[in-house]
Every structure is written in structure tokens, then in C-alpha cells.
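S.K.: Here you go, one structure.
Coordinate-derived values only; no laboratory data. Since we're looking at a predicted model, the values are computed, not measured. Cβ sites come from the backbone with ideal geometry, for glycine too, and all protein chains shown count toward neighbours.
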Amino acid sequence: MSVWAAILAGGSGTRFWPLSTPERPKQLLPLAGDRPLLQQAVERLDGLVPPQRILILTGPFLVDQVARTVPQIPRGQVLAEPRAASTAPALSWAAHWISERDSGAQLLSLHADWAVEDDRAFRAAARQALAVADEYDVLVTVGVKPTRNETAYGYIVPGKPLGGARGVRRFVEKPSPARAALLRQRGALWNTGLFAWGVARFLGEAGAYARELKPGWPALAAGDIAGFFGAVRPVAVDVAVLERTKRLAVVAGSFRWDDIGSWDALLRIRKPDPHGNVVVGNVTLADDVRRSVVWSDSEHLAVIGLEDMVVVRANGHTLVMPTGRAERLKQLVQGL
């Protein structure tokens, strides 16, 4: 049994404007340290999946940058999605691509834009998920214990024990603060998006349940990838397959995980200064700045008398906003 990995590295990263751009989205930025998030994602698989069995799925205009960022991945394994159609079509293509070369393979799916505090614990959870997927012939998602009443994440309510895993009773997407608190109290897990399955089992379940993909299956079987992406409806794999299949389990990981969905996330994933600020680049702060993110990619930036703010100078643009306004920023950037 061989293990492959598919790293999802598409997306435009609008929530990190003005540092992120369509030409250089967040997965190519050093948001969680001194190396791009995509590079960290590939390195996280060291000892688990060799570069020769790692696929990276991204947009056509990002292929060259992705290849330069992770040169250890063979260029032919950087796959350009003809159309942004969310995760179900992308992972179906990845499973089909692998199945044509290694029909008995298992696939580990992850995103390129996560922050993970403990790579060793991440790999341990991935190995456990792969073992459960193999032993019970199921699709497996990895959940982690919530650390706050987060309303932007999906939650998994575990069900009956299944070996070293649990069945999945239900998914809860983006709950209210009160419901998020209740889910935490009752032992629900955050759905990280780290998945494990046999490629044959996944393609079988997707074929049975993902009605949004059905119009494209003949094209995929014929190797017409543009035709497949053109025929499907955009849909997340969670919705198209995981919420519908009867063959699903969850493994609880012990690593700290963050999907870095907004500038505010840097306050959680980077080490703050004594006043709770995260400061990157050519920046000077007065001593009355508190709990703020201040980032400058080149020009000097001086900040005085702010609390709970995001101030960013990058690519010739400036952003100033209170923390907690990620959705407003996305709307603003779409308008721009």
C-alpha cells in the first residue's frame, strides 16, 4: 500500500489584502513564520509522503510560482485546475490521477494555507487516519479540539467508536457563538480538512453521492480534465461527499491548527510582543499600541495609540481596520 498526498493550493487570499494578491495569494506568503505556507505544508509531510508522491493542485496562473516555491515536487505533479470549482472536483481529479498510476493507493488531502504548531503530532494523526481508512475501508477526516468558540469553522459531532476513531454523527457549519460554546462543551471537534482515504473508495463514494459532479464523470474517465471541470458544479468535498456518505469516520488529532483565515489569526499563530502585538517588517511602535497586527513589506511604518487594530502597508497600498472585520475586508477587496 502506497500513500500519496494532495495539497490544495488554489484561492486568491483576499482576506490578506494588500499583502496578498491574485498573483501571490496567502499560500505563497510567510504568514506563519519565515517560509511560505505552501513550503511549510510540503515539509510537514517529511517522513510520511515522499515528494515523488505529492500532488499540488492550484490555479493555472500560479503554476510557475508554486513550482519555484517547492522545487522538490516534480513539475508534472503541479496540476493546474482549469477552473476554480472548490474542493470536490479538485480531489476527484487528484484521486483519478493517482488511481491511473497506482490503483491501490491511499490519499492524504490537506490545504496549503494552514498553521500547525506540532508537525510530529500532525503526522501521527495522519498516520492514524490512514490506518483507519485502510482497515475499515472508510473516508476519514481529522478533527481537533476547539480552543475557542469559533463561528467561522465547521464542527464535527463524533458518533460511535470505530477502532481508533469514531463515526460521525453530524456536521455543523459556522454556528452561532452560543451554539459553538455548546458544541465545545459536548465534545465536538473542529473539522480541519485533513482527510485520508483509499482512492478507489473515494471515487466510489463521490460517484454515488456527489450529484454536482455527475455531469462531469464521463469526461474525467476519458481524461478530459477541462471537460470535467466545465461540466461540474462548484462544491466543497464536505458537502458533496462527506455529509452524504455512510462510510465516514473521524480521528482526533492532538496538534494545534489554524486555517489562517484573516489578519486577526496572526495574533494566535505568531509570538506577540509584551503588549500583545504582532509586528513584521519595517515598523516602529509607540508603547501605547496594544493587541494589534502591524506589517510593512518595505516602507517604514510608525504607529501610535492604537488598540485591537490591523495596520498593513504592502504593494503600495495601506489597510487600517479594527480586528474582527475579516468579512468586511473581503467585501472591500471584491469591490476594488
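S.K.: Would you mind putting 140-150, 40-50, 215-225 in packing order, based on average other-beta-carbon counts within 10 Å, highest first? Write out the running numbers ahead of the final one.
M.R.: On the way: 140-150: 20.0, 40-50: 17.9, 215-225: 15.9.
Final packing ranking: 140-150, 40-50, 215-225.
S.K.: Per residue of the chain, what 222 nm ellipticity follows from adding -39500 (n - 2.57) for every DSSP H run with n ≥ 4, rounded to the nearest 500? Numbers along the way, then the final one.
M.R.: Values: 10 runs with 93 residues, N = 336.
Counting only the DSSP helices, I get -8000 deg cm²/dmol.
S.K.: Can you give me the pair-distance distribution of the range 263-335, C-alpha pairs, 5 Å bins, whole percents?
M.R.: Histogramming the range 263-335 at 5 Å steps yields 4, 17, 28, 27, 17, 7, 1, 0 percent.
S.K.: Full-extension gain between ALA302 and GLU117, please, as 0.36 nm times their residue separation minus the C-alpha to C-alpha distance.
M.R.: Details: separation 185, 0.36 × 185 = 66.60 nm, distance 3.05 nm.
Gain in length upon complete extension: 63.6 nm.
S.K.: Determine, for the chain, the count of lysine pairs separated by eight or more sequence positions (or lying on different chains) whose alpha-carbon distance falls under 28 Å.
M.R.: Counting lysine pairs in the chain gives 17.
S.K.: Within 10 Å, Cβ to Cβ, of TRP114, how many net charges do the neighbouring residues add up to if Lys/Arg are +1 and Asp/Glu are -1?
M.R.: Numbers: positive: ARG44; negative: ASP113, ASP258, ASP259.
Summing Lys/Arg as +1 and Asp/Glu as -1 gives -2.
S.K.: Please compute the alpha carbon radius of gyration of the chain, then divide it by the globular-protein estimate 2.2 N^0.38 Å. Two decimals is fine.
M.R.: Taking N as the residue count of the chain, the ratio is 1.01.
S.K.: In a Debye calculation with equal point scatterers on the alpha-carbon sites of the range 39-88 and no solvent, what is log10 I(q)/I(0) at q = 0.13, 0.20, 0.26, 0.27 Å⁻¹?
M.R.: Values, matching the q order: -0.30, -0.68, -1.02, -1.07.
S.K.: Could you tell me the relative contact order of the chain? Use alpha-carbon pairs under 8 Å, at least six residues apart, and round to a whole percent. Write down the numbers at each step before the final one.
M.R.: Details: 712 pairs, mean separation 63.9, N = 336.
Averaging sequence separation for qualifying contacts and normalising by length gives 19 percent for the chain.
S.K.: Would you pull out the residues with amide H under 5 Å of ALA84's amide H, same chain only if 5 or more places away, H placed 1.01 Å from N?
M.R.: The answer is none.
S.K.: Counting only C-alpha contacts under 8 Å and six or more residues apart, can you give the relative contact order of the range 263-335 as a whole percent? Provide the component values of the computation, followed by the final result.
M.R.: Details: 138 pairs, mean separation 17.5, N = 73.
Normalised by residue count, the contact order of the range 263-335 is 24 percent.
S.K.: Of ALA302, LEU319, THR284, which is farthest towards the positive pole of the range 263-335's charge dipole, taken about the Cα centre with +1 and -1 on the beta-carbons of Lys, Arg and Asp, Glu respectively?
M.R.: Sorting the options by dipole projection puts first LEU319.
S.K.: While we're looking at this one, here's another question. Rounded to the nearest 20 debye, what is the charge dipole size of the range 121-196 about its Cα centre when +1 sits on each Lys and Arg Cβ and -1 on each Asp and Glu Cβ? Intermediate values should be presented prior to the final figure.
M.R.: Values: 12 positive and 5 negative charges, 80 e Å.
Once rounded to the nearest 20, the dipole reads 380 debye.
S.K.: If you wrap the range 166-313's Cα atoms in a convex hull and average its projection over all directions, what's the area in nm²?
M.R.: Numbers: hull surface 53.4 nm².
Averaged projected hull area, Cα only: 13.4 nm².
S.K.: How large is the charge dipole for the range 3-258, taken about the Cα centre, if only the Cβ atoms of Lys, Arg (+1) and Asp, Glu (-1) carry charge, to the nearest 20 debye? Let's see the in-between values first.
M.R.: Working: 31 positive and 23 negative charges, 169 e Å.
About 820 debye.
S.K.: Something else now. How far is helix 199-209 tilted, in degrees, relative to the longest principal axis of the Cα atoms in the chain, given as a value from 0 to 90 rounded to the nearest 10?
M.R.: The two axes meet at around 90 degrees.
S.K.: Can you tell me, using C-alpha contacts under 8 Å and at least 6 residues apart, the relative contact order of the range 181-333 as a whole percent?
M.R.: Working: 186 pairs, mean separation 18.7, N = 153.
12 percent.
S.K.: Using +1 at the C-beta of Lys and Arg and -1 at the C-beta of Asp and Glu, which of ALA80, PRO22, LEU108 has the Cα lying farthest in the positive direction of the dipole of the chain?
M.R.: It is LEU108, whose Cα lies furthest towards the positive end.
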